[in-house]
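The structure under discussion appears below in the form of structure tokens.
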Amino acid sequence: MKKKIAFLFLLFASIAYSQFYGPKLFVQTPNHDFGDIVQGEKVQHNFVVTNTGGDKLVITNVRASCGCTAALPDKKELAPGESTNIKVEFNSAGRVGKQDKTVYVTSNDKENPEVQLKFTGNIVKKETANLKTSSGPSLELPKTQFNFGKVIEGKVVDHTFTFINNGDATLSIKEVKTSCGCTVALLSKKELAPGEEGTLKVELNTANRSGKMTRNITIISNDPKEPQKYLTIYAEILKEGSN
């Protein structure tokens, strides 16, 4: 009888654990609009996904609704609190007009095993695009992630990301948001002319932290196609004297 009660207790505890502490896949922004795309162009976007649960998240499959779209996660396994990018590339060759595509992400999140990422766009022929006087500013980030590796608790570490205005109008950075007070982001300048480069220095204060950390930085600008872009930093915080 006692063994049966113990078994039932472990069973209910296991169910409770999976419900409240299991892996959970969360997408910061599951929809993206590319705006106008010149026919033949390949456009890319990074969807940021985060494991907001209490156990390891495993991305088992990423598939697109058509062969014109390629999608690949930077990492397939995420510890609790960790984030990664799912890079989506859309090839507009041979297409025209409004586009509405879906990327399906399958994981071991039992409550939500399949998440949909959606993007839209309007493909215009080159001659039509040439009639437009301006495409507006365009914020481009060569790198969107950085791993500090192992850091002794209490240290302040930093990394500088670069960005460029690849558009034909002035780019204005409206705001830079960090996911916690332990992270500070410092812009070199808030406005960039077409073709101009800028930097964003990110500082991470590891005081009173331990274990693996993931923090996100959101850049909000007047880029008409992608007004929000995301950076992710990682670190493993160790106590003094740890190996």
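Laboratory data are not the source of any read-out in this text; all were calculated from the coordinates shown. Since we're looking at a predicted model, the values are computed, not measured. Reconstructed Cβ throughout: ideal geometry from the backbone, glycine too, with neighbour counts over all protein chains shown.
Sort the chain into rounded, prolate or oblate with this rule: let a ≥ b ≥ c be the square roots of the eigenvalues of the Cα gyration tensor; rounded if a/c is under 1.5, and if a/c is not under 1.5, prolate when a/b is larger than b/c, oblate otherwise. Because a/c hits 1.5 or more and a/b fails to exceed b/c, the chain counts as oblate. Compute the acute angle (0 to 90°) between the alpha-carbon long axis of helix 2-20 and the principal axis of greatest extent of the alpha-carbon atoms of the chain; round to the nearest 10°. Between helix and principal axis, roughly 20 degrees. For the chain, the mean residue ellipticity at 222 nm estimated from helices alone is -3000 deg cm²/dmol, where every DSSP H run of n ≥ 4 contributes -39500 (n - 2.57) and the total is divided by all residues, rounded to the nearest 500. Remark: relative contact order (region 12-121) = 33 percent; criterion is Cα-Cα distance under 8 angstrom and separation of 6 or more residues.
If the label point is 7 Å along Cα→Cβ of LYS155, which residues in region 186-229 have backbone nitrogen under 18 Å from it? Only 202-215 fall inside the zone, counting backbone N under 18 Å. Among the GluC sites (Glu not before Pro) found in region 199-243, those both in a DSSP coil and sparsely packed, with 11 or fewer other Cβ atoms within 10 Å of their Cβ, are GLU240.
Applying a DSSP loop filter and a limit of 13 other Cβ atoms within 10 Å to the GluC sites (Glu not before Pro) in region 89-165 leaves GLU111.
Across all directions, the average projected area of the convex hull around the alpha carbons of region 23-131 is 6.5 nm².
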